[in-house]
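Student: Pasting in a structure now, in C-alpha cells, and then I'll have a few things to ask.
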2 protein chains.
Amino acid sequence: MSLAMNGKRQHKEHLYILFAQVASALANPHRLELLDLLVQSPRTVDDLAQESHMTVANTSQHLQRLKQANLVADARDGLYVRYQLADPAVARLWLDLRSVGEKQLAEVERALDAYRDHRHEFATVAPEELPILLQRDEITLLDVRPRLEYQSGHIPGAVSIPVDELEFHLDEIPRDKTVVAYCRGPYCVYADQALDLLSGQGWKVARLEEGVAEWQQAGYDLEK
Amino acid sequence: MSLAMNGKRQHKEHLYILFAQVASALANPHRLELLDLLVQSPRTVDDLAQESHMTVANTSQHLQRLKQANLVADARDGLYVRYQLADPAVARLWLDLRSVGEKQLAEVERALDAYRDHRHEFATVAPEELPILLQRDEITLLDVRPRLEYQSGHIPGAVSIPVDELEFHLDEIPRDKTVVAYCRGPYCVYADQALDLLSGQGWKVARLEEGVAEWQQAGYDLEK
DNA sequence: CAAGTATTCAATGGATTACTTGAATTATAG
DNA sequence: CTATAATTCAAGTAATCCATTGAATACTTG
C-alpha cells in the first residue's frame, strides 16, 4: 500500500514538474509579448522580431522555447515560417494570467494607470452595447490594427483602417455618426492614437473597452 | 511622437515584466502542489508542509513567494497562519495552466495514463448527470476528502466520509444504490481507494469525473 | 508574565539555468 | 546558384533559484 502510494506520488510530482515547465515558458517578458502578438494573428519570425524589437536569432530561440512547451505551433509557408497559438486554450491562459496580475498586483495597477492616462480622455463602449448600436446604425465601428490582423479575424461590422493610414482615409468615415475604435486589447495604443486624430477633426468618438481577444473570449464570434 | 511611443513602450514592457513574475511564481512544482491543495481549502503552514512532504521552513518560503505574487493570502487564526487563494481567478489560472499542459504535452498524457491506470477500472459519471441521479435518489454521492475540505465546500447532496474512516462507516451506506465517489480532482486517488474498498464489498460504484474545483469552475455551486 | 508552539528571517553554498549575440548552417524560391 | 528566411551553435555572462540551518519573532495559553 505504501509502495503503491509512493508510485502515485511520483507520478503526481512528475505532473507538477511538467506544469511548472509550461509556467516557466511563460515566465519571460519577451515571450509574453510574443504570445500577446500571436493572440492577434499568426506571424512570421521576422514580423515578430520587428514588432518586439529583438534580433531574429533571439526571437527564434524564444519561439523555440514556446514551441517546446506546446504553447505555439509553426508551419512553413514558402520562405517564411509562420507561428501561431497551438490552441485556443493558450489564449485563455494568457488572459487569465494577465487578469490575475492586473487584479492583484497593486504595482500593476499603478503602472496601468500611468499607461492608461491617455485613454481616460475618451468615452468607452461596453462590448454588450455594440450589437445594439451597430444595428441602430448610430456608430461607425473602426478596427485600427494592421490590416493583417483585421483579416485574421475582426468584430462583425467593423471597418478596417490601420491607424497609420487613417489620415488619408478620413473621407470614408461618416461625419454624422460616433466613431467607436478598438484595437488589440487594453495595452494597445492604436485606438487612442486614432481617436486623438478623429476627435481633433470634429468627430464624436469613443473607445471600445478591451480588444479583440477579450471579445472572442467572452463568447462572441469573429468575422473573417 | 516617437518619444511618446517610447514612453508607452516602456510601460508596456514593465507590464510584461510583472506578468512574467506571476508566471515565474508558478514555475515550481512544489508551489504548484501548494496551490493545488489551497484550491481545495485554506490550510495552515503546518498542514501544507505535511501534505507536500516539505520542511516547514521550506514550505513557508514557497508560500512567501506565492504571496509576493499575490496568488495567495494569509490570515492569522489563533496559533496558526492560514493560507488561502488570494482570488478565485487564481483557481481559474491554475486550472487553465493544467488544461493547457494536459492537452498539449504528449509527455503529460503518458504520465497521466500511468497515473490513471487505476481509475479506468470504474465507471464514471459526468457532472451534468449528477443532479438528475440525485433527484431520482438512484445514487449515494460520497465526498471522501478529509473532513476539513468537505466543510470548506462540497457538492450539494454529498455525504462526507473521509477515505481513511470509510471502513468503519460502511453501515451508513445504503446497499441498494450505486455509490458515486469524488475527491479533489483528476490527480486525487482517494476516490479510487474508496471505490476499491466498496466494490470489494459488493456495492455498485462509479467515480465522478473531475473534482470539486472543476465542478465549481463549471459554474455549479458548492454547499457549506 | 512565562512557556510553548508556529512561523518567519537571514545567510550560506552550490548548482543550475537563462539570456543575448554573432557566426555558421539549413532550407526554400526563383 | 544566389538571395532571403530561419534555425542552430558556441560562448560568455549574468542571474536566479533552491534547500538547509539556526536563530529570531509573533502569538496564545495558562
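The values are calculated or read from the model by the stated rules, or taken from the named source; none is laboratory data. Computed from a predicted structure; not experimentally measured. As a convention, Cβ positions derive from the backbone with ideal geometry for all residues, glycine included, and neighbour counts pool all protein chains shown. Please note that ligands, DNA and RNA were not included when accessible areas were found on the heavy atoms of the full protein model with its side chains. Shrake-Rupley method; radii C 1.70, N 1.55, O 1.52, S 1.80 Å.
One line per residue, one yes/no per condition, for (1) assigned by TED's automatic domain parsing to the domain that holds A:E138; (2) open to solvent by 10 Å² or more (accessible area, probe 1.4 Å); (3) closer than 15 Å to A:L130 by Cα:
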residue: A:G153; (1), (2), (3): yes, no, no
residue: A:H169; (1), (2), (3): yes, yes, no
residue: A:R175; (1), (2), (3): yes, yes, no
residue: A:T178; (1), (2), (3): yes, yes, yes
residue: A:G185; (1), (2), (3): yes, no, no
residue: A:D192; (1), (2), (3): yes, no, no
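Student: What helices (runs of 4 or more DSSP H) completely inside the stretch B:41-140 contain at least 2 residues that are modelled with pLDDT of 85 or more? Let's see the steps before the verdict.
Tutor: On the way: elements: B:45-52, B:56-68, B:88-104, B:106-116, B:130-135.
Qualifying helices (runs of 4 or more DSSP H): B:45-52, B:56-68, B:88-104, B:130-135.
Student: Taking B:S160, is it over 25 Å from B:G101 (Cβ atoms) and either under 18 Å from the mean Cα position of the chain (by Cα) or buried (at least 21 other Cβ atoms within 10 Å of the Cβ) (or both)?
Tutor: Details: over 25 Å from B:G101 (Cβ atoms): yes; either under 18 Å from the mean Cα position of the chain (by Cα) or buried (at least 21 other Cβ atoms within 10 Å of the Cβ) (or both): yes.
Yes: the conditions hold for B:S160.
Student: Answer with yes or no whether B:N70 is more than 10 Å from DNA strand D (Cβ to nearest atom) and open to solvent by 10 Å² or more (accessible area, probe 1.4 Å).
Tutor: Working: more than 10 Å from DNA strand D (Cβ to nearest atom): yes; open to solvent by 10 Å² or more (accessible area, probe 1.4 Å): yes.
Against the criterion (more than 10 Å from DNA strand D (Cβ to nearest atom) and open to solvent by 10 Å² or more (accessible area, probe 1.4 Å)), B:N70 qualifies.
Student: A:R147 - would you say it is closer than 28 Å to A:D36 by Cα, basic (K, R), surrounded by fewer than 15 Cβ atoms within 10 Å (Cβ to Cβ) and out of contact with any helix residue (DSSP H, G or I) (no Cβ under 6 Å at 6 or more places or on another chain)? Let's see the steps before the verdict.
Tutor: Values: closer than 28 Å to A:D36 by Cα: yes; basic (K, R): yes; surrounded by fewer than 15 Cβ atoms within 10 Å (Cβ to Cβ): yes; out of contact with any helix residue (DSSP H, G or I) (no Cβ under 6 Å at 6 or more places or on another chain): yes.
The answer is yes for A:R147.
Student: Sticking with this one: Being away from DNA strand D (no atom under 11 Å from the Cβ) and of a type in the set (K, R) is the filter here; which residues of the stretch B:73-89 pass it?
Tutor: Passing the criteria: only B:R82.
Student: On to the next question. From the list B:V56, B:V100, B:V81, pick out the single residue that is among the β-branched types (V, I, T) and at the interface with chain A (Cβ under 10 Å from one of its Cβ atoms).
Tutor: Details: B:V56 fails: at the interface with chain A (Cβ under 10 Å from one of its Cβ atoms); B:V81 fails: at the interface with chain A (Cβ under 10 Å from one of its Cβ atoms).
When all the criteria are applied, what remains is B:V100.
Student: Which residues, taken from the stretch B:82-98, are within 15 Å of DNA strand C (Cβ to nearest atom) and open to solvent by 30 Å² or more (accessible area, probe 1.4 Å)? Write out each step before concluding.
Tutor: Here is the first cut: in the stretch B:82-98, the ones within 15 Å of DNA strand C (Cβ to nearest atom) are B:82-84, B:86.
Within the stretch B:82-98, B:R82, B:Q84, B:A86 qualify.
Student: Using the structure shown, decide if A:A69 is more than 10 Å from DNA strand C (Cβ to nearest atom), within 8 Å of another protein chain (Cβ to nearest Cβ) and not acidic (D, E). If you could, list the steps in order and put the result at the bottom.
Tutor: Values: more than 10 Å from DNA strand C (Cβ to nearest atom): yes; within 8 Å of another protein chain (Cβ to nearest Cβ): yes; not acidic (D, E): yes.
Answer is yes for this residue.
Student: Sticking with this one: Which residue out of B:L48, B:L37, B:L26, B:L63 is without any contact (Cβ under 8 Å) to a residue 24 or more places away in the chain, open to solvent by less than 20 Å² (accessible area, probe 1.4 Å) and either in the same structural domain as B:G78 (by TED's automatic domain parsing) or among the charged types (D, E, K, R) (or both)?
Tutor: Values: B:L48 fails: without any contact (Cβ under 8 Å) to a residue 24 or more places away in the chain; B:L26 fails: without any contact (Cβ under 8 Å) to a residue 24 or more places away in the chain; B:L63 fails: without any contact (Cβ under 8 Å) to a residue 24 or more places away in the chain.
The unique qualifying residue is B:L37.
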